[in-house]
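The values are calculated or read from the model by the stated rules, or taken from the named source; none is laboratory data. Given the structure is predicted, the values throughout are model-derived calculations rather than measurements. When we count neighbours, we look across all protein chains shown, and the Cβ atoms used for this are built from the backbone with ideal geometry, even at glycine.
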Amino acid sequence: MLGRSFATLVLLAAVGAARAEPITIAIVPSVPAGSTLIAEQKGYFRDAGLDVTIERIDSMGKAVAFLAANHVQVAQGGINAGIFNAIGQGLPVTLALDGGSTPLYHRLLVRRDLADKIKTVADLKGRSIGLSAPGSTSMYEMAMTLATAGLTLHDVEVKNLAFSQMPAALANGALDVALAVAPFTDAAIARNTAVPWIDPEAGFIRTLPMTSVAYIVNTDWAGKNPDAAKKLMLALARGSRDYCQAYHHGPNRGEMLDVMMANRIATDRAQLDRMDWQARNPDGAFSLASLTDIQDFFRRSGFIDKIAPPERLVDPRFAEAAAKAFGAFTALNKDSKLAGCR
């Protein structure tokens, strides 16, 4: 009896030791987050022996403090000045994988009744322009666009409001121009209250590819749990490969749409299928030149106090591991002409 009891205790101890420590990923519920959701749906975390919980957050601005305090281990969402500020101040966070980059399919929309008056970037002087938030990459995109005409953000009237509010603001005259993203660009155009105009990536932003969405990791946690961190990032990169196949309208497009609809990323499945999705690097690699350019802009604009060296901005080992594990990415839909996600 004693022998059997001891053996049982040893077995239970072994099971407990093998049990994975829980990991929390915070996501901003948007189309790029489909890669994380599909990784959960298809069991990639489970296959890696990881116990992962996904939490929804409103914005990455709210996630940085939780990430730095290790309340969440990874967050996926829009890059902003707060992230650069946290890294520059030495907080235990860094960019791990690209989660949304060129082409981003962002558009400057012009109010319909001003379409014949705003034809060049120089015509934006004194105009009201809608941007998503101060310290956002939208601010950087707009500044780079204005610079091509010798203008700055001080030469226009910036109004910060959510993307979802931009179509109504264009319709009621509160905005002259908006830097919007799908599906809100589609909504404004469909209502005939605005016309599509400039894609900031088409000749206005000088350093491309540009990343606007990323996976950010707590470096203290990753340092103490290197094996779990590597497995987690490989599972997320695997989800990114699935996202990229769906981006190119591959055979898994319907599955990805189902996952995003089930997780309330959108309410109209047909519109979600029609709209532009942000691309990304399939391995999760970043353009350091682009990141440092964005960081320098935020420093010049007074949004961050310190500049982080490139080696602190990104941990390239995760993307390198993904490239080695999965090999070169090939779109299954050979007819896709879409740029990005290649």
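The test for being assigned to a loop (DSSP other than H, G, I, E, B) and within 22 Å of G77 (Cα to Cα) does not hold for I294. Residues that are within 16 Å of R127 (Cβ to Cβ) and in contact (Cβ under 8 Å) with a residue 60 or more places away in the chain were ranked within the range 154-187; the one that is surrounded by the most Cβ atoms within 10 Å (Cβ to Cβ) is A178.
Where strands (runs of 3 or more DSSP E) sit wholly within the range 70-174, those with at least 3 residues that are modelled with pLDDT of 95 or more, within 28 Å of L313 (Cβ to Cβ) and touching a Phe, Trp or Tyr at 6+ places or on another chain (Cβ under 7 Å) occupy 93-101. Within the range 188-210, track down each residue that is in contact with a Ser or Thr (Cβ under 6 Å, 6 or more places away or on another chain), hydrophobic (A, V, I, L, M, F, W, C) and surrounded by 21 or more Cβ atoms within 10 Å (Cβ to Cβ). Within the range 188-210, just M210 meets the criteria.
When A270, A235, A188 are checked against the criterion of being under 27 Å from R46 (Cα atoms) and outside any strand (DSSP E or B), A235 stands alone in meeting it. Taken as a whole, the condition of being surrounded by fewer than 14 Cβ atoms within 10 Å (Cβ to Cβ), in a loop (DSSP other than H, G, I, E, B) and in the same structural domain as T36 (by TED's automatic domain parsing) applies to G302. Among the criteria (1) farther than 27 Å from S290 by Cβ; (2) in the same structural domain as M275 (by TED's automatic domain parsing); (3) surrounded by fewer than 20 Cβ atoms within 10 Å (Cβ to Cβ), the one K231 does not fulfil is (3). Of the residues that make up the range 191-212, is at least one closer than 25 Å to T102 by Cβ and assigned to a helix (DSSP H, G or I)? No - not one qualifying residue is present in the range 191-212.
For the condition under 19 Å from T207 (Cβ atoms) and either out of contact with any helix residue (DSSP H, G or I) (no Cβ under 7 Å at 6 or more places or on another chain) or basic (K, R) (or both), what is the one hit in P310, P316? On inspection, the qualifying residue turns out to be P316.
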